[in-house]
Amino acid sequence: MINIRKRKSKKPFGIVRQIVFHGINFFGKKFKWLIFPAVNFNSRKIKATLRVLLVNNDWESLDSLIQKIPPRKLVNPLFSFFYDLTEVVKWRSITMTGRVVARLAENDFESARVVMRRLIWNLNDESGGIGWGSAEAMGEIMALSDGLAGEYAGILRSFIRKDENYLEHEILQRGAIWGIGRLAQTRLQYLNHTDFHLLGFLQSKDAVHRGFAAWALGNFRSESAVALLQKLRLDDEKIFFYNDLQLNAIPVCRLASEALDKIKHFM
């Protein structure tokens, strides 16, 4: 059941709506959670400012913005950029979302949980949405927040398991692979045995699957991936890959070679 409550805003910008979802059943659990206000008196200004800074890659100003504006007011504008036609803006907004929600978790862990549940809901068929960027954002957030990783890494992992909550959409699968690879960079302890479920993506017809999976398995230092990664050293198909806040066209063979170097360093 969805209840919509309306209250008159003290601000001169009309009505602020808050939507509360009661008893949503997701992955066998019931949640009662609050979606952030659908309308905020300065949300347009925040969104416009954020986009300019993301386009210009101005992280000094972005980090300053995090300190000045409550994290909850930044979440909705950032989510909107997951659908931005300029792809590097999408990726930088995911990075920014990770920083914002990790900071939110430090001071208001329950509100950070709300954000994670919202991302999970976006990836659910019943949501009616598409879920672009949601799995990537989950990985980025958990890479920066140990508390959230402890609670939600299993759900992110389940998105690539055919015996669990496997994502059928090819593009959403790309996001799940990248999100898992990002989490593996900092908190590998929450991803036990996940590398096994990534191996099949190295043989995918989709070059982005192959490239993202190669990068992710390098972060796992997965010895079981070595044979398949060696085959990809001849794969010269290029994909757009996000790294160090930049989006560049990189051949799959380069990502495979870099992964092999990481793995051999720890063998």
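If we scan the stretch 212-234, do we find a residue that is crowded, with 20+ Cβ neighbours inside 10 Å, at pLDDT 95 or above and among the charged types (D, E, K, R)?
Scanning the stretch 212-234, I find no residue that is crowded, with 20+ Cβ neighbours inside 10 Å, at pLDDT 95 or above and among the charged types (D, E, K, R), so the answer is no.
Mind telling me which of the residues Asp146, Asp163 ends up being closer than 23 Å to Val115 by Cα, out of contact with any Ser or Thr (no Cβ under 6 Å at 6 or more places or on another chain) and of a type outside the set (A, V, I, L, M, F, W, C)? First the steps, then the outcome.
Numbers: Asp163 fails: closer than 23 Å to Val115 by Cα.
Answer to the check: Asp146.
Out of all the residues in the stretch 225-253, which are outside any strand (DSSP E or B), of a type in the set (D, E, K, R) and closer than 30 Å to Trp59 by Cβ? Steps first, answer last, please.
Kept after step one, since they are outside any strand (DSSP E or B), are these residues of the stretch 225-253: 225-237, 244-245, 252-253.
Next, only the ones that are of a type in the set (D, E, K, R) stay: 231, 233, 235-237, 244.
Within the stretch 225-253, just Asp244 meets the criteria.
If I ask for residues that are surrounded by fewer than 22 Cβ atoms within 10 Å (Cβ to Cβ) and of a type in the set (Gly, Ala, Ser), which ones from the stretch 111-130 would you list?
Passing the criteria: Ser111, Ser127, Gly128, Gly129.
Yes or no, residue by residue, for (1) out of contact with any strand residue (DSSP E or B) (no Cβ under 9 Å at 6 or more places or on another chain); (2) closer than 21 Å to Leu245 by Cβ:
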{"residue": "Leu74", "(1), (2)": "yes, yes"}
{"residue": "Met96", "(1), (2)": "yes, yes"}
{"residue": "Val114", "(1), (2)": "no, no"}
{"residue": "Gly139", "(1), (2)": "yes, yes"}
{"residue": "Leu148", "(1), (2)": "yes, no"}
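Taking the stretch 235-247, which residues are surrounded by 18 or more Cβ atoms within 10 Å (Cβ to Cβ) and touching a residue at least 60 places away in the same chain (Cβ under 8 Å)?
Tyr242
I'd like to check something: does the stretch 259-267 contain any residue that is farther than 22 Å from Thr95 by Cα, at pLDDT below 95 and touching an Asp or Glu at 6+ places or on another chain (Cβ under 8 Å)?
Yes, some residue in the stretch 259-267 is farther than 22 Å from Thr95 by Cα, at pLDDT below 95 and touching an Asp or Glu at 6+ places or on another chain (Cβ under 8 Å).
Would you mind stating whether Leu245 is of a type outside the set (Phe, Trp, Tyr) and at positive phi?
yes
In the stretch 59-102, how many are under 16 Å from the mean Cα position of the chain (by Cα), of a type in the set (D, E, K, R) and part of a helix (DSSP H, G or I)?
Applying the first criterion (under 16 Å from the mean Cα position of the chain (by Cα)) to the stretch 59-102 yields 74-84, 87-102.
Cutting the leftovers down to of a type in the set (D, E, K, R) gives us 84, 87, 90, 92, 99.
Restricting the remaining residues to those that are part of a helix (DSSP H, G or I) gives 87, 90, 92, 99.
Summing the residues that are under 16 Å from the mean Cα position of the chain (by Cα), of a type in the set (D, E, K, R) and part of a helix (DSSP H, G or I) in the stretch 59-102 gives 4.
Residues of the stretch 131-182 being part of a loop (DSSP other than H, G, I, E, B) and under 20 Å from Asp84 (Cα atoms), which ones? Walk me through how you get there before you give the answer.
Looking only at the stretch 131-182, we keep the residues that are part of a loop (DSSP other than H, G, I, E, B), and these are 131-133, 145, 159-169.
Scanning the stretch 131-182 gives Gly131, Trp132, Gly133, His169.
Taking the stretch 190-220 on its own, how many of its residues are in a loop (DSSP other than H, G, I, E, B) and of a type in the set (Lys, Arg)?
Initial filter on the stretch 190-220 (in a loop (DSSP other than H, G, I, E, B)): 191-194, 204-206.
Right, trim to of a type in the set (Lys, Arg) and you get 205.
So the count comes out to 1.
The values are calculated or read from the model by the stated rules, or taken from the named source; none is laboratory data. None of the values given here were measured: they were computed from a predicted structure. Positions of Cβ are backbone-derived with ideal geometry, glycine not excepted, and every protein chain shown enters the neighbour counts.
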